[in-house]
Every structure is written in structure tokens, then in C-alpha cells.
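This report concerns only the one structure given below.
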Amino acid sequence: MFAAISLAFDEHSERRRVMTMQRRTVLATGLAAAGLAGFGITVPAWGQTKSPTRKIVLGQSAPLTGPASEIGLAFAAGAKLYIDTFNGRKASPGFSLELRQLDDGYVPAKAAANAQKLLAEGADVLFGFVGTASSEAGAEIAGKEGAIFFAPFAASDPLRDTSHANVFHVRPSLADEAAKMVRHCATLGQTRIAVVAEDDAMGRAGLAAVTQVLAENKLPPLIASAFVPVSSDKVDAAVASLFKSQPQAVIQVSLFNTTAAFIRKMRKAGYGGTFLNFSVVGIDPLFTALGKEIGGVVISQVVPSPRSSATPIVKEYLAAIDSSDQTPSYESLEGFIAAKTLAEAVRRSGKSFDKESLQKAMSSVTDYDVGGFHINLRAGVRDAARAVDLVTITPDGKILR
């Protein structure tokens, strides 16, 4: 079912050290910058070129603190890694990128305020908002202000509707991930499926995606579902409810802390079935939370393995990692890919940059090879061409594909 590849996770202490350094780098860089850039991160100016360049300002709101900070920090750091590398090139493409990052703590109202602030202070594009509710809040501001909203992380599927012509997605939809997990279960003859979801926009969106996919594939409906508090170990009621229904597989739509608590308590109750997770859970933080108990847990992934240098984009990413304080992760790689895709759209927009030309260029990115991995910015709710992998993890941290 899964083939082993020679990958292993960093130790708990190393993961924490790197995340702490990333947090300090992200926050300290923003505080040290002057002028408007003092509200976020400004990458170094284009140092090698003598010709005039157009600066494209990207405004990002992400959870750099709070319950989803490990996901937000990694994604934000990966985006900054690409932009630093891009701006450091000797050959100028005629434009440079500036990334301003603000912390929203995984609070949608703060993400909306950050979106307003970033646009007011000159952001050309709202980029890489993290979290379903935060992405919805940011996209609403972008719509009102006539701004482009690019590469949200874990956005709800309705944001892919054609009515949101200013919203562009780099990652597959929740329905794409749900389809992969549901079909995996069906292949194994697992028709008794349950869902446990955090009681927030992400959890509701994930539950809706699974329900939709089951109906579309004419499979039996969910035998049970339960909501749990966000990023909490208060999962006893959900455990009791779902264990009683005896599902063969449980699909989880939750952050790593909640996911880990639910898995532990279900197994303690005697459950021996399969746990499957959307990519938003984060493999690295889930491994940190569960340790050896992660064995057998299945996780959807929407970018290549961050250690598989046979893939050109990963090789490029790892080369950039070598001169940084980061360690490879799926979320960081996704941020790197998102930033590179945006740079490609800017290049396609031509020398007379404006919002209309950039939006038109983004609409043309329907099969961009970012380096052995293809991006379609104008995909609808479902995009079968995009790669969604399922991986499982051994107790000692090896990934099986």
C-alpha cells in the first residue's frame, strides 16, 4: 500500500530550536525595519543590479504566535526564503519583491485588520494568509478593496468559486484532499467512515468536503461526526461518541494538538482503526506532539516531499535552506512554491505592472511547471491534475508513501 522512502524527522529539541529561531527572525526583522516596513518583514533591496527595478510589495498575515504558529511560521519562513533568494540574484528580471508579514495569532478579526493595514500601507498583493477563517476574512477585505488575494493556506472551497476572480489558489482544494482520503478508504473496503473536526471554519469546511465527496462517489454517508474545541485536549465527548459508532476510519480536520489528543484517547479506549488527516495538521508538529504514537497515522500532502532532491523545485528549495537557519518541512516548501509562483505571475504581467495586468497574468497560469510540480492558479473547486499524496509515518519518524 505504501512504499518506504529514506526520510526521517528531526528530533523534538531541534524542531523546537528551529521554530524558536524562525519566530525570532520573523518578528525581529519586522520590528527592526524602518518606515512602513516596520510593521512587517522587508527583504533586502536588490543589491547586485544597477538598472531601475519595480518593487512589488506582498502583504501577508499569518499566525506567527498562537495555536497554529508552527504552521504559520514555517509557511511564512518558506515564502521569505524564496524572496530573499530571488532578490539576491545578480541578473535582474526588472522587478524585486518585498514581503511584509504581520502576526494575526490565528484570529480572523486580526487577519482582516492586518489585510486593511497592509493594503493601506502599499501592498500590491495580499499573499499567503493562513487558516480557513483568516483567509475568508482577508479575501473579504481584498474583494472590497479591489485587491488580489494570492495563495491562501487552507481556504474554504467556496473561495474557489468563479465569483472570486481576484482570488488565486496554489494548493489543491479541501475537496481534492477529501477525495484522495475517501478513495483510499474505499480501496481498502472501509465504508464506515466518521469525521472529527474542530469547531471552527476549517473544521466545518473539511466536514462539508468529506460529506460532498462521499455523495459524489455514491458511497455510504458518514456514520458519525463530532466537533471538538480548537487546539484543545477536551475531546472526551467526541471520543465516546465516535468510538460507540465503531468506524473503520476516522478523518480528522484539526490542528496537531487536538489531533494528537484525539488519537491518544481513541486508542486508549481500544480503537484499532485508521486515522486520516488533512494536510493542515502539519506532519512535523504532529510528530512532535505524538512521538512514537504517530505510527500508522495517514496524512494528506499537497506538495512534494521536502527532502526529495530528485524533484527540481525541492532541490532549489534545499539549496536555499543550506544558507538559512531553517530545516525542511512541507509547510515551508509550500510557502517557497507559493512565492515562486507569484514571481512567475509578475514576470508574465510585463514591464508596465498594474493590478489588471497582474490579475490577467495569474489567470494565464494554468499549467506552470514550478520545477517538476505543476501549478494551476485558475482551477475550480476540484482539480484532479494537482498531486495529492497520502503518506503514513512509522513510530521512528520515517515517511511511507
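The values are calculated or read from the model by the stated rules, or taken from the named source; none is laboratory data. The model shown is predicted, which means the values in this text are computed figures rather than measured ones. Note: ideal-geometry Cβ built from the backbone for every residue, glycine included; neighbour counts use all protein chains shown. The protein model used for the area step is the full one, side chains on, heavy atoms only, and it has no ligands, DNA or RNA in it. Shrake-Rupley method; radii C 1.70, N 1.55, O 1.52, S 1.80 Å.
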Residue match in region 273-292 (condition: charged (D, E, K, R) and either under 30 Å from Phe373 (Cα atoms) or within 25 Å of the chain's Cα centre (by Cα) (or both)): yes
Selection over region 118-138 where residues are over 14 Å from Arg100 (Cβ atoms), aliphatic (A, V, I, L, M) and within 16 Å of the chain's Cα centre (by Cα) yields a count of 2
Can you tell me how many residues within region 267-280 are surrounded by fewer than 23 Cβ atoms within 10 Å (Cβ to Cβ) and part of a helix (DSSP H, G or I)? 2
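Taking the options Ala319, Ala339, name whichever one is modelled with pLDDT of 95 or more and surrounded by 18 or more Cβ atoms within 10 Å (Cβ to Cβ).
Within the list Ala319, Ala339, the selection yields Ala339.
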Would you please list the contacts, defined by Cβ atoms under 8 Å and residues six or more apart or on different chains, that run from a residue in region 247-258 that is under 11 Å from Pro229 (Cα atoms) to a residue that is open to solvent by less than 10 Å² (accessible area, probe 1.4 Å) and of a type in the set (D, E, K, R)? Ser254/Glu198; Leu255/Glu198; Thr258/Glu198
So Asp84 fits all but one of (1) assigned to a helix (DSSP H, G or I); (2) more than 30 Å from Ile223 (Cα to Cα); (3) open to solvent by less than 10 Å² (accessible area, probe 1.4 Å); what number is the exception? (3)
Close pairs from region 155-182: first closer than 21 Å to Tyr368 by Cα and of a type in the set (S, T, N, Q), partner open to solvent by 10 Å² or more (accessible area, probe 1.4 Å) and part of a helix (DSSP H, G or I), Cβ under 8 Å, at least 6 apart: Asn166/Gly143; Asn166/Gln359; Ser173/Asp157; Ser173/Arg160
Conditions (1) in a strand (DSSP E or B); (2) without any contact (Cβ under 8 Å) to a residue 24 or more places away in the chain: number failed by Val391: (2)
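Condition check: at negative phi and not in a helix (DSSP H, G or I). Does Ser357 satisfy that?
No, not satisfied.
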If Ala361 passes every condition in (1) buried (at least 22 other Cβ atoms within 10 Å of the Cβ); (2) touching a Lys or Arg at 6+ places or on another chain (Cβ under 9 Å); (3) aliphatic (A, V, I, L, M) but one, which one does it miss? (1)
